[in-house]
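One structure is given here, and the rest of the page talks about it.
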Amino acid sequence: MRPAPSMASGILGAFVRHRNAANLFMLLLIIFGAWGVSKLNRQLMPSLEIHNINISVVWSGATAADIEKNILQAVEPAVRYLDGVQTITSRAAEGSGSITLSFARNTDMQEAEARVDGAVQSVLNLPEGADDLKVTALQFFDPVASVGISGPFPEATLRRYAREIRDGLLAAGVDRVRMVGYRDREIAIEVGEARLRQLGLTLADISSVVNAGITDQPAGALEGDFDARIRAVAAGLSAPELAAIQIRNSAQGNVIYLGDIATVTDTFDNNDTLGFMRGVPAIRLMISRTAAADTITAFEAIKTYVADISPTLPPSLNIVVFDAAASLVDDRLSLLITNGATGLVIVLFVLFLFLEPRVAFWVAAGIPISVLATLGVMYLTGQTINMISMFALLMTLGIIVDDAIVVGEHTATRYAAGDTPAVAATRGASRMATPVIAASLTTMAAFGPILLVGDVIGQIMAALPLVVMAVLLASALECFFILPGHLAHSLPKQRRRPGWFRRRFDAGFAWFREHVVGALSDLSYHWRYATVALAVALAILSGSLLASSQLRFQFFLSAEGESFNIFAAFQPGIPQEQMRAIIVRIEQAVTEVENELAPPGEDLVLTTYATLDLENSGAFISPPPNSVRCVPPPLPTRSARRSPRWPGWNA
């Protein structure tokens, strides 16, 4: 029987004997990691896949009970048993209702949206006056920053600047811009009851004439090589143009226009939310990114655009970038990188203290190589650089060091025993292959079950096992195919006597090992029951700390708050000017506190942004510093807006 080929004759021995194989493989891992770093997105938390579809409906004037009975109970049976639906949540409110469908994790959401839309279209006999059912697949958008504009301008002028900045931001590469404090344009038509009776008209007559002039109308179809539907889109009319609409001809042949019998005013929806910055009317542009975008890159595009456009705007127009979630990302990642670099320096110091300098150098060199390779694997598996993945990298830094240390230390032991550098490197790697692989498999078995966790927390925590597995793979490649080759060619062929520091340090460490650690080992062996009792006592003490709440459990560490929010509720009927005055007084109080606490020449508060919800009689004031995310409370879904002065018109 022929003996089995030794490890030296295999692929590991080939990497040890070849002078350039280890270097070329190391270069490939470095390039692979650099490519991954250039592609990885940076963000605060992992991106989420939202498997929800929302069905909404608006029925102006209806009560919550009417919407539940006449709409929601008719729609739910049509969508309840669609493939992939796990839960259904219905919500009925005054004037509106919604149904949220939650789908399984592996569901194709585009196909699911099409199925839901088809099921909704099959629902007939909706109540008269209710709008069509709207199906929306929820998408992931992560806040990046906000841009606020304010100044002593008419509202129409401020709206125009907001639209220009919004279009510029979208052209600069941001994914979504949502405006708060941007009220819908509204044309109000007021007509007296006596005038209507005099002319024999009704409000319905005027409404039908106005509708005919401004409503979009279908205009047929175009047939040929392709079929296309044509729709006539009404132009946006101004108040004078609406006033010039002909209502009827009088018996004397005179033409009666809308402006002759009604007052037509171009205004804005009084029920929309108002915005203020430092007491001045303002509009807030909330900028978000999609899952495929990079938070830091998007924020840099925002700052560049604002810096470029600011000189072209009027000096009295105040534009400020605040609520920058991207700054949080940058600060947290910088903190993690700094802590990781500090830990790496400590590891290097310990390695050079206990190992030969050449062995310690190549063991330490394996750390950045393995980290780069891990980043490349992270990109291939769809991961991003975020708080969870960076935490996993720091946590597994010890695994990288341990794998390299055991291979390097055993190689140094074999070399000291008389083996040649190549034989010592080969035997060191082959001898340590079994324990290193076994330890890697047990670590994977410990972290792997996290992938089975579902819902949102499962998507957030999935980065932990994926990064750990990537680290273990990269560490195994480095310590078995790169490190042995470097050790074989770096160890001197002629053995030299160690220096005085190495001789004295090794002698002192040997004394400590034999007389201190050895004595404690002998003591614990001979008094083993006392040792077990001591271990049990420590375990009981640890459990008592948890039971007494002296050591509290917290899944995510709460960072110190960098912003505060003020919410004020007003009694119905309070005039708008009085509510605005209260907001100004609150902001003045914030400014006074800032002046008392701020060091000389410094500002504690970048800006304040207040929203006044006129329909719900509430104000929300948020003083955000430069790297703070301030999320206002969600407002209830509102029905189609109308001016209190009938008939109102949303242009």
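Read the figures in this text as sums done on the coordinates, not as results from a lab. Not measured: the values here are computed from a predicted model. Here the Cβ is made from the backbone with ideal geometry for all residues, glycine too, and neighbour counts use every protein chain on show.
Things to note:
- Fully extended contour minus Cα-Cα distance, from V453 to L551, at 0.36 nm per residue: 32.7 nm
- Euclidean distance between Cα centres, the range 372-387 to the range 152-215, Å: 48 Å
- Gained length - S208 relative to L170, 0.36 nm times residue gap less alpha-carbon distance: 9.8 nm
- Under a model in which nothing but the beta-carbon of Lys, Arg (+1) and Asp, Glu (-1) is charged, the range 469-523 shows a dipole of about 500 debye around its Cα centre.
- A cut-off under 10 angstrom between Cβ atoms defines the neighbours of A137, and their net charge, with Lys, Arg +1 and Asp, Glu -1, is -2.
- In straight-distance terms, cross-link reach from K39 covers every one of the aspartates and glutamates whose alpha-carbon lies under 16 Å from its own, apart from those fewer than eight places away in the same chain; here that gives D294.
- Whichever lysines have a C-alpha closer than 28 Å to that of K134, once near sequence neighbours (fewer than 8 apart) are set aside: K69
- Were the residues from L348 through E577 laid out at 0.36 nm apart, the gain over their Cα-Cα distance would be 75.8 nm.
- Taking the helices alone, the chain has a mean residue ellipticity at 222 nm of -16000 deg cm²/dmol, built from -39,500 (n - 2.57) per DSSP H run of at least 4 residues and averaged over all its residues.
- Relative exposure of L466, L477, judged by other C-beta atoms within 10 Å (fewest first): L477, L466
- Positive-end residue, the chain charge dipole about Cα centroid, Cβ charges, pick of A130, I30, P314: I30
- Euclidean distance of C-alpha centroids, the range 99-129 and the range 17-42, integer Å: 48 Å
- Signed unit charges on C-beta, dipole axis of the chain, positive-most listed residue N20, I67, G259: N20
- The chain - percent relative contact order, Cα under 8 Å, separation 6 or more: 22 percent
- Take the Cα of R431, step 7 Å toward its Cβ, do the same at L473, and the gap between the two points is 3.1 nm.
- Charged-residue dipole, Cβ positions (Lys, Arg, Asp, Glu), the chain about Cα centre, Debye nearest 20: 3260 debye
- Ordering D294, D108 from the fewest to the most neighbouring beta carbons within 10 Å gives D108, D294.
- Other residues lying with their Cβ under 13 Å from the Cβ of S475 contribute a combined charge of -3, Lys and Arg counting +1, Asp and Glu -1.
- The phi-based Karplus calculation (6.51 cos²θ - 1.76 cosθ + 1.60; θ = phi - 60°) puts the 3J(HN,Hα) values of the range 108-122 at 6, 6, 5, 5, 5, 4, 5, 5, 5, 4, x, 5, 5, 5, 7 Hz, whole numbers, x for Gly and Pro.
- Residue exposure proxy: V468, V16, V406, ordered by other Cβ atoms within 10 angstrom of their Cβ from fewest to most, comes out as V406, V468, V16.
- Which labelled figure in (i) -0.24, -0.34, -0.77; (ii) -0.41, -0.57, -1.01; (iii) -0.64, -0.92, -1.30 is log10 I(q)/I(0) by the Debye sum over Cα atoms at q = 0.05, 0.06, 0.09 Å⁻¹, once derived from the coordinates: (ii)
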